[in-house]
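Taking it in order: structure first as structure tokens, then the write-up.
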There are 2 protein chains.
Amino acid sequence: MAAEIPTTREECEARDRADPLAAARAAFALPEGVIYLDGHSLGPATHEALKRVQTAAQHEWARGLIRSWNDAGWFELPRTVGAKLARLVGAQADEVVIADSVSVNLFKLATAALPLARGRVVIVEDSEFPSDQYVAEGIAGVTGAELMRVSASKGADTLARTGGVQIKSAVNYRTSLVEDIAATEAVAAQAGGVVVWDLSHATGVLNLQLNAHNAKLATGCTYKFVNGGPGAPSFIYARGDFASRMQSPISGWFGHATPFAFDAGYRPLEGVGRFAAGTPGVLSLSALDAALSAFDGVAMSDVAAKARALGDLVVARTAALGLESISPADSRKRGGHVSVRHADGYAVTQALIARGIIPDFRAPDAIRFGVAPLYMRFVDVWDGMDQLADILATRAWDRSEFMRRSAVT
Amino acid sequence: MAAEIPTTREECEARDRADPLAAARAAFALPEGVIYLDGHSLGPATHEALKRVQTAAQHEWARGLIRSWNDAGWFELPRTVGAKLARLVGAQADEVVIADSVSVNLFKLATAALPLARGRVVIVEDSEFPSDQYVAEGIAGVTGAELMRVSASKGADTLARTGGVQIKSAVNYRTSLVEDIAATEAVAAQAGGVVVWDLSHATGVLNLQLNAHNAKLATGCTYKFVNGGPGAPSFIYARGDFASRMQSPISGWFGHATPFAFDAGYRPLEGVGRFAAGTPGVLSLSALDAALSAFDGVAMSDVAAKARALGDLVVARTAALGLESISPADSRKRGGHVSVRHADGYAVTQALIARGIIPDFRAPDAIRFGVAPLYMRFVDVWDGMDQLADILATRAWDRSEFMRRSAVT
């Protein structure tokens, strides 16, 4: 039963006092004077992650040198950190490994899935995150599989009809729409198709149940709601029985069963480990390892419930300002961010940032407000929306320094 | 004209005093009581790299948050760090980009080279670094190209005969043998073949001249003689005119001409930038950026000359101990490490490590001594060899704690 949406700052304070996740905020090194509504793009640092980066660099690397591959457990990090992340996505500990980036992992998984699918087709919806569309294009180019780029309304039909391999986000990067993983997997199972889930905007904010929902393959980034750090390495999930039937196209030594035996022939690890490839980036992996500790003892159902409640507050307040939301009003169909349209959305975003309220912007006109449940309070959202109201009322965004665009927003 | 090989510790001291690279050692945070002869596996930290990791984490990530993609130059790092590395390999600044791991980059480059080669063949020699052999196997699997794994003596013939794509190390990981890049490229040009160079054991220690030697494609790791940190990201070199005719199989958004325009279709960057794929790991990239500063003002010809001289000293002293070298005696054909055989090489390595002398071991019987010119002194090599002599004379390695093997040595 969802609680009422707060209508005053006092009601927000009351909600914060009753928040079962209230204690989690203390783990984060949030800068003073900032309300950070961009956790769906780059999560903030935790104190433990900052400390760990220093330990990994100063102690393990500088002092331990090569010995740290054994002594500091570097060699096992892709699997130990994967095991830690597995709970967040509803997987078994040995079904997740950390490796590479989402783009590289989508390539590996979808390419390796093609021989197991009925149809030699790569499907991607045209509302997908652009990089996922680009990767699909590249896979078709190198494998000769047919590329089918279809509208979102045709995705399930195409999967059902072709039995191909679909690359699909669980939460849309722009609208925040949540896909029904179980329903899509049922279509795939019926059709002989395979879905490769991109969980970038879902991991760490939804109560994902990959095993229970029959998901076979997934990847996702860890620098958003998982707070692993800028460009933190990605994870790969492959269901145990499925993984061992697959061949990664990028058969690097870290996916080998015995990499340091230096065998001539490639013999992959059992399970998901075979999708690791080259030497892992230890500094980034270490930060991610520590960042995941912020989820220790936290129920993902609480996380998801709070994301829905905070999102409802954004939806209600932006609606009151006359802004059109492109995110679902029904919080059960919405991820951890809310996107609203404004013709000068870029400038509005810049004006907010100048006041220490940090959302982000996606072309052509979407302002995205992320509501990361571990550190975001109801009063933060309330105060941020107050500033937005003031900026709109005073047209404070309509100034030249806010209208200039730069490469990344 | 090569100087004489020192025959006493005093002569080593004299060589150190005359060393044009003597000042470079101060940049490194070397632990007390350690003689580090493993720079060919994992380079040590520089003070600047340690400081930079902290700045990137504490300041840019924790305080700057998402704003650092612009304000701290994160977005440009793959290209700015690539430009810095370019001088080390004899390339133009815009011909190098930092991305992913060597395994992933070998996959991208060799797969993309296939359509430009006369023969649809992937060639790899059976003495190649095993991961390179595994990657070649994977490429053949996914593209349908023929895999030809040949003995080292047949590599050039096979390239000449097939006009295929060869993955080839410039310095052999085991023997340290240096390949003649210009000669191999001449064979490739004549045959319509393409060579993808793996420069992992060459970069930062040889005076590489990729442009002058007509190399078209290369990758290499940055955690050995470049000292970028454990699992630091790899680099990709692609000659300007050649790169723009290639299509990366992994077409992620960081290789897109305008990633944040979020176009539906993939339009690659001009040149080598198209081989970037996913979001770069900023913490690791930042460490690498700072590590490269240790090469500022250093002539790579001095680096290569000192590596030859230090290597000669290892060769001479190990020969005097009756150890068989599998590295070339001719220093012009030898990279930055010297490998010697010992039936109980693993235990000997462990006994050395217990005394603070750190080489490494490669199965079945090779002890590798790395001589990284930026921080290694002649007296260090001398003292390390003294310890080796003592261990062999007293059979100090023949103890159970040194005989136990672990995953990584």
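The values are calculated or read from the model by the stated rules, or taken from the named source; none is laboratory data. Owing to the predicted nature of the structure, the values given are computational and were not obtained by experimental measurement. So basically every Cβ, Gly included, is an ideal-geometry build from the backbone, and we count neighbours across all protein chains shown.
Of the residues examined, residue B:66 is not one that is over 30 Å from residue A:349 (Cα atoms), at pLDDT 95 or above and aliphatic (A, V, I, L, M).
Would you check if residue A:367 is in contact with a Gly (Cβ under 6 Å, 6 or more places away or on another chain) and closer than 23 Å to residue A:128 by Cα?
Details: in contact with a Gly (Cβ under 6 Å, 6 or more places away or on another chain): yes; closer than 23 Å to residue A:128 by Cα: yes.
In short, yes.
Taken across the range A:236-259, residues that are touching a Ser or Thr at 6+ places or on another chain (Cβ under 6 Å), at the interface with chain B (Cβ under 7 Å from one of its Cβ atoms) and surrounded by fewer than 24 Cβ atoms within 10 Å (Cβ to Cβ) do not occur at all.
For residue B:32, the conditions (1) within 11 Å of chain A (Cβ to nearest Cβ); (2) under 22 Å from residue A:229 (Cα atoms); (3) charged (D, E, K, R) are fulfilled apart from (2).
Specify which of the listed residues (A:402, A:369) is more than 15 Å from residue A:35 (Cβ to Cβ) and either assigned to a helix (DSSP H, G or I) or in contact (Cβ under 8 Å) with a residue 12 or more places away in the chain (or both). Show your work before the answer.
Details: A:369 fails: more than 15 Å from residue A:35 (Cβ to Cβ).
Just one listed residue meets the conditions, A:402.
Going by the conditions given, is residue B:164 out of contact with any Ser or Thr (no Cβ under 6 Å at 6 or more places or on another chain), buried (at least 23 other Cβ atoms within 10 Å of the Cβ) and assigned by TED's automatic domain parsing to the domain that holds residue B:216? Walk me through how you get there before you give the answer.
On the way: out of contact with any Ser or Thr (no Cβ under 6 Å at 6 or more places or on another chain): yes; buried (at least 23 other Cβ atoms within 10 Å of the Cβ): yes; assigned by TED's automatic domain parsing to the domain that holds residue B:216: yes.
Yes; evaluated as a whole, the condition is true for this residue.
Looking across the range B:356-399, the residues that are among the basic types (Lys, Arg) and closer than 25 Å to residue B:22 by Cα come down to B:368, B:377. Of the residues making up the range A:258-283, not one is under 21 Å from the mean Cα position of the chain (by Cα) and on the phi > 0 side of the Ramachandran plot. Taken residue by residue, the range A:281-294 has at least one member that is part of a loop (DSSP other than H, G, I, E, B), crowded, with 17+ Cβ neighbours inside 10 Å and assigned by TED's automatic domain parsing to the domain that holds residue A:73.
Contact map, the range A:278-305: residues that are within 14 Å of chain B (Cβ to nearest Cβ) paired with residues that are part of a helix (DSSP H, G or I) and basic (Lys, Arg), Cβ distance under 6 Å, separation 6+ or inter-chain. Pairs shown: A:286/A:52; A:290/A:52.
Here's the yes/no breakdown for (1) surrounded by fewer than 18 Cβ atoms within 10 Å (Cβ to Cβ); (2) away from chain A (no Cβ under 14 Å):
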{"site": "B:95", "(1), (2)": "no, yes"}
{"site": "B:100", "(1), (2)": "no, no"}
{"site": "B:107", "(1), (2)": "no, no"}
{"site": "B:122", "(1), (2)": "no, no"}
{"site": "B:157", "(1), (2)": "yes, yes"}
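Checking the range B:116-133 against the condition returns a match, with at least one residue being touching a Phe, Trp or Tyr at 6+ places or on another chain (Cβ under 9 Å), closer than 18 Å to residue B:247 by Cβ and not hydroxyl-bearing (Ser, Thr, Tyr).
Consider residue A:2 carefully, then state whether it is at negative phi, modelled with pLDDT under 95 and more than 12 Å from chain B (Cβ to nearest Cβ).
Numbers: at negative phi: yes; modelled with pLDDT under 95: yes; more than 12 Å from chain B (Cβ to nearest Cβ): yes.
Judged against the criteria, residue A:2 is a match.
Among the residues of the range B:317-336, the ones that are surrounded by 23 or more Cβ atoms within 10 Å (Cβ to Cβ) and within 23 Å of the chain's Cα centre (by Cα) come to 4 in all. Residue B:339 passes every criterion in (1) crowded, with 21+ Cβ neighbours inside 10 Å; (2) touching a helix residue (DSSP H, G or I) at 6+ places or on another chain (Cβ under 9 Å) apart from (2).
Quick check: is even one residue across the range B:316-327 within 14 Å of another protein chain (Cβ to nearest Cβ) and outside any helix (DSSP H, G or I)? Walk me through it before giving the result.
Taking the range B:316-327 as the starting set, the residues that turn out to be within 14 Å of another protein chain (Cβ to nearest Cβ) are none.
So far as the range B:316-327 goes, no, none of its residues is within 14 Å of another protein chain (Cβ to nearest Cβ) and outside any helix (DSSP H, G or I).
Restricting attention to the range B:156-179, does a residue exist that is over 21 Å from residue B:338 (Cα atoms), among the aromatic types (Phe, Trp, Tyr) and at pLDDT 95 or above?
If we filter the range B:156-179 for residues that are over 21 Å from residue B:338 (Cα atoms), which is where we start, we get B:156-167.
Still in the running and among the aromatic types (Phe, Trp, Tyr): none.
No, there is no match, as no residue in the range B:156-179 is over 21 Å from residue B:338 (Cα atoms), among the aromatic types (Phe, Trp, Tyr) and at pLDDT 95 or above.
Residue count for the range A:353-366 satisfying the condition of being more than 10 Å from every other protein chain (Cβ to nearest Cβ), touching a residue at least 60 places away in the same chain (Cβ under 8 Å) and under 11 Å from residue A:35 (Cα atoms): 2.
So which residues in the range A:351-406 are under 18 Å from the mean Cα position of the chain (by Cα) and among the small types (Gly, Ala, Ser), if there are any at all? Residues satisfying the conditions are A:370, A:372.
Residues in the range A:362-381 that are among the aromatic types (Phe, Trp, Tyr) and buried (at least 23 other Cβ atoms within 10 Å of the Cβ): A:369, A:378.
Would you call residue B:263 of a type in the set (Asp, Glu), at the interface with chain A (Cβ under 9 Å from one of its Cβ atoms) and either surrounded by fewer than 24 Cβ atoms within 10 Å (Cβ to Cβ) or in contact with a strand residue (DSSP E or B) (Cβ under 7 Å, 6 or more places away or on another chain) (or both)? Judged against the criteria, residue B:263 is a match. Residues in the range B:167-184 that are surrounded by 15 or more Cβ atoms within 10 Å (Cβ to Cβ) and more than 15 Å from residue B:124 (Cα to Cα): B:174, B:175, B:176, B:177, B:178, B:181.
Within the range B:85-93, does at least one residue satisfy the condition of being closer than 30 Å to residue A:70 by Cβ and either within 14 Å of chain A (Cβ to nearest Cβ) or at pLDDT below 95 (or both)? Working first, answer last.
Taking the range B:85-93 as the starting set, the residues that turn out to be closer than 30 Å to residue A:70 by Cβ are B:85, B:88.
Now restrict to residues that are either within 14 Å of chain A (Cβ to nearest Cβ) or at pLDDT below 95 (or both): none.
No: zero hits.
Of the listed requirements (1) away from chain B (no Cβ under 14 Å); (2) surrounded by 21 or more Cβ atoms within 10 Å (Cβ to Cβ), residue A:344 misses just one: (2).
Residue-level check: of (1) over 23 Å from residue A:108 (Cβ atoms); (2) assigned to a helix (DSSP H, G or I), residue B:123 misses just (2).
Would you check which residues across the range B:53-63 are within 9 Å of chain A (Cβ to nearest Cβ) and closer than 17 Å to residue B:287 by Cβ and list them? Spell out how you get there, then give the answer.
Applying the first criterion (within 9 Å of chain A (Cβ to nearest Cβ)) to the range B:53-63 yields B:53-54, B:56-58, B:60-63.
Within the range B:53-63, B:53, B:54, B:56, B:57, B:58, B:60, B:61, B:62 meet the criteria.
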